[in-house]
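Student: Please find one structure pasted underneath; my questions will follow.
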Amino acid sequence: MAIVADQYDFIVGVDTHAASHTLALVAAGTGAISQQAQFPTSPAGLRRAVGWIQRHTQHASTLIVIDGAGSYGATFTEQLVAAGLTVAEAPEIPATTRRRRGKNDTVDAVAMAQAARSLEADHLCWPRHAGDRTALRVLAAAREQMNGERTRAVNALTALLRTVDLDGDARRVLTTTTTTTIATVAAWRTHSDGTTLVICRAEAIRLARRIRALDAELAANHAALQQAVTAQAPQLLALPGVGAVVAATVLLAWSHPGRIRSEAAFAALAGASPLPASSGNTTRYRLNRGGDRRLNRALYTIALVRMGHDPRTRDYVARRTSEGRTKREIMRSLKRYISRQLFRTLNSANPATSTT
């Protein structure tokens with residue numbers, strides 16, 4: 001299998017930061033440093049950086065490996081792709097290289113480019129596309145933040161109601177219907193005196209009202225996700241167990257045709273590919289605890305829903321259970337099958353551009 005050094009003439013390493021990006025141009029064949037430069041992240045600075053790469057590489061085959069392609073380098077990545085340049089996410093710099101060379105922006109940019117030379121070309125990680133996917137990314141990030149805030153508010157309200165006797169029935173109601181408790185507390189009236197009980201009741205009211213506000217915001221977020229996914233990949237929503245939130249997670253990880261080379265690579269990205277854990281006469285596999293954990297959680301959600309409601313999946317679980325498989329082993333197999341189905345569904349919906 002060909003490595004990067006065999007397919008490209010130059011490699012550009014880009015170390016990105018908020019105020020500036022540092023670029024290092026190395027020869028792919030030898031790893032020798034050819035040029036180095038630093039540019040501000042202003043629009044003019046990024047245009048100059050793109051021009052610098054084009055000027056020094058001319059028409060030679062060039063690969064750009066960029067650190068932080070989804071954060072500090074997101075805007076620069078979009079400009080490089082728009083200019084027709086080949087961009088990949090920077091590989092991890094080996095610890096031995098860091099210990100030997102130290103660290104600064106220029107050293108890191110050179111190390112990224114040199115580390116990419118020996119990678120197999122098929123193993124390059126291509127950055128996610130922007131465009132319509134940006135809306136999904138923003139909505140998914142906002143939902144995660146709101147879910148976290150809601151969980152913290154519910155925990156705080158629960159602790160308050162259980163440790164302070166604010167209302168005779170509050171503790172009993174809390175253990176039966178949390179939604180009812182939140183609505184009840186949010187409807188309490190506040191008082192102006194500064195006694196301890198009144199202060200605690202006011203905090204409980206604030207927390208309950210914030211939870212209800214977050215519920216409304218999460219509902220609006222879900223509607224927006226549903227609309228965005230329906231416009232971009234309606235075929236995902238037709239699969240059993242796949243809702244708007246899960247579909248958005250899958251679509252963001254897959255991003256575009258060609259980013260992930262095969263369904264096996266997609267399973268590895270999701271942490272759903274079994275890893276060999278054999279020794280001697282023992283042959284076994286274990287769960288993969290790496291990969292994109294959000295995508296792995298999405299696969300788990302799909303599997304859980306199908307195990308409860310999909311007849312085919314329930315028959316499969318029953319058969320594998322009768323064969324002596326544990327629930328964890330069955331879940332691992334289901335996640336692997338689901339990852340294959342998701343990948344093939346997305347690729348078949350984009351046949352014209354399904355290669356890199």
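The values are calculated or read from the model by the stated rules, or taken from the named source; none is laboratory data. None of these values were measured; they are calculated from a predicted model. Note that we place each Cβ from the backbone using ideal geometry, even for glycine, and neighbour counts take in every protein chain shown. Ligands, DNA and RNA are stripped out before the accessible areas are found, and what is left, the full protein with its side chains, is counted by its heavy atoms. Shrake-Rupley method; radii C 1.70, N 1.55, O 1.52, S 1.80 Å.
Student: Sequence-distant or interchain residues sharing an amide H contact under 5 Å with Ser34, placed H: which?
Tutor: Leu25, Val26, Ala27
Student: For the range 199-356, taking Cα atoms only, what is the radius of gyration to one decimal and the Dmax to the nearest whole Å?
Tutor: Looking at the range 199-356, its Cα Rg and Dmax stand at 19.3, 67 Å.
Student: Do any trypsin sites (Lys or Arg not before Pro) in the range 294-351 lie in a DSSP loop with no more than 13 other beta carbon atoms within 10 Å, and if so, which? Display every interim value, and only then the final one.
Tutor: Working: sites: Arg294, Arg297, Arg306, Arg312, Arg314, Arg319, Arg320, Arg325, Lys327, Arg328, Arg332, Lys335, Arg336, Arg340, Arg344; in loops: Arg325.
In loop regions of the range 294-351 (DSSP not H, G, I, E or B), there are no sparsely surrounded trypsin sites (Lys or Arg not before Pro).
Student: Could you grab the relative contact order for the chain? Cα pairs under 8 Å, six or more apart, rounded to a whole percent. Don't jump to the answer; show the numbers that get you there.
Tutor: Values: 478 pairs, mean separation 46.1, N = 356.
After rounding, I find 13 percent.
Student: Excluding Asp215 itself, what net charge comes from residues whose Cβ is under 13 Å from its Cβ, given Lys and Arg +1 and Asp and Glu -1? Intermediate values should be presented prior to the final figure.
Tutor: On the way: positive: Arg143, Arg150, Arg209, Arg210, Arg212; negative: Glu149, Glu217.
Surrounding charge for Asp215 is +3.
Student: With a sphere of radius 14 Å drawn around the Cβ of Ser348, what net charge do the other residues whose Cβ falls strictly inside it have (Lys, Arg +1; Asp, Glu -1)? Mind showing how you got there, number by number?
Tutor: On the way: positive: Arg340, Arg344; negative: Glu263.
Surrounding charge for Ser348 is +1.
Student: Now for a separate question. Net charge within 12 Å of Gln36 by Cβ-Cβ distance, Lys/Arg positive one each and Asp/Glu negative one each, not counting Gln36 itself?
Tutor: Details: positive: none; negative: Asp15, Asp105, Asp108.
Result for the neighbourhood of Gln36: -3.
Student: Now for a separate question. Per residue of the chain, what 222 nm ellipticity follows from adding -39500 (n - 2.57) for every DSSP H run with n ≥ 4, rounded to the nearest 500? Mind showing how you got there, number by number?
Tutor: On the way: 15 runs with 203 residues, N = 356.
Helices in the chain give a 222 nm mean residue ellipticity of -18000 deg cm²/dmol.
Student: While we're on this one: How large is ³J(HN,Hα), in whole Hz, for each residue of the range 256-270 in order, when computed from phi with the Karplus curve 6.51 cos²θ - 1.76 cosθ + 1.60 and θ = phi - 60°, using x for Gly and Pro?
Tutor: Karplus values, whole Hz, x for Gly and Pro: 7, x, x, 5, 10, 6, 7, 5, 5, 5, 5, 5, 5, 4, 7.
Student: Ok, one more. Relative contact order, percent, of the range 260-356 when contacts are C-alpha pairs under 8 Å separated by at least 6 residues? Could the numbers behind the result be given before it?
Tutor: On the way: 89 pairs, mean separation 29.8, N = 97.
Relative contact order here is 31 percent.
Student: If you rank His56, His309, His21 by how much accessible surface each has, with a 1.4 Å probe, what is the order from largest down?
Tutor: His309, His56, His21
Student: Pop out the carbon and sulfur fraction of the accessible area of the chain as a percent, whole number, probe 1.4 Å. Write down the numbers at each step before the final one.
Tutor: Values: 9660 of 18920 Å².
Roughly 51 percent of what the probe reaches on the chain is carbon or sulfur.
Student: Which value, in Å² rounded to 10, gives the accessible area of Cys200 with a 1.4 Å probe and all protein chains present?
Tutor: Number for this one is 30 Å².
Student: Which of Ala88, Ala216, Ala298 ends up with the largest GNM mean-square fluctuation for the chain, with Cα atoms connected below 10 Å?
Tutor: Ala216
Student: Using Cα pairs under 8 angstrom and six or more residues apart, how large is the relative contact order of the range 209-326, in percent? If you can, show how the numbers build up before the last one.
Tutor: On the way: 91 pairs, mean separation 23.0, N = 118.
Relative contact order here is 19 percent.
Student: Ordered by residue, what ³J(HN,Hα) values in Hz, to whole numbers, does the range 143-151 give under the Karplus form 6.51 cos²θ - 1.76 cosθ + 1.60, where θ = phi - 60° and Gly and Pro are x?
Tutor: Karplus values, whole Hz, x for Gly and Pro: 5, 4, 5, 5, 4, x, 5, 5, 4.
Student: I would also like to ask the following. Describe numerically, in nm with one decimal, the distance between label points set 7 Å from Cα along Cα→Cβ at Gln227 and at Ala19.
Tutor: With each label point 7 Å from Cα toward Cβ, the separation is 4.1 nm.
Student: While we're here: Can you give the percent of C-alpha pairs in the chain whose distance is more than 33 Å?
Tutor: Taking all Cα-Cα pairs of the chain, the fraction more than 33 Å apart is 49 percent.
Student: Determine the per residue accessible area of the chain with all protein chains present and a 1.4 angstrom probe, expressed in square angstrom.
Tutor: On the way: 18920 Å² over 356 residues.
Counting only protein heavy atoms, the per-residue value for the chain is 53 Å².
Student: Take the alpha carbon gyration tensor of the range 36-180, find the square roots of its eigenvalues, order them as a ≥ b ≥ c, and report rounded if a/c is under 1.5; if not, report prolate when a/b exceeds b/c, else oblate. Don't skip to the answer; put the middle values down first.
Tutor: Details: a/c = 3.43, a/b = 2.55, b/c = 1.34.
Cα axes put the range 36-180 in the prolate bin.
Student: Amide H of Ala88: which non-local residues (sequence gap of 5 or more, or other chain) have their own amide H closer than 5 Å, using H built in the peptide plane?
Tutor: Under 5 Å from the amide H of Ala88: Ile64, Val65, Ile66.
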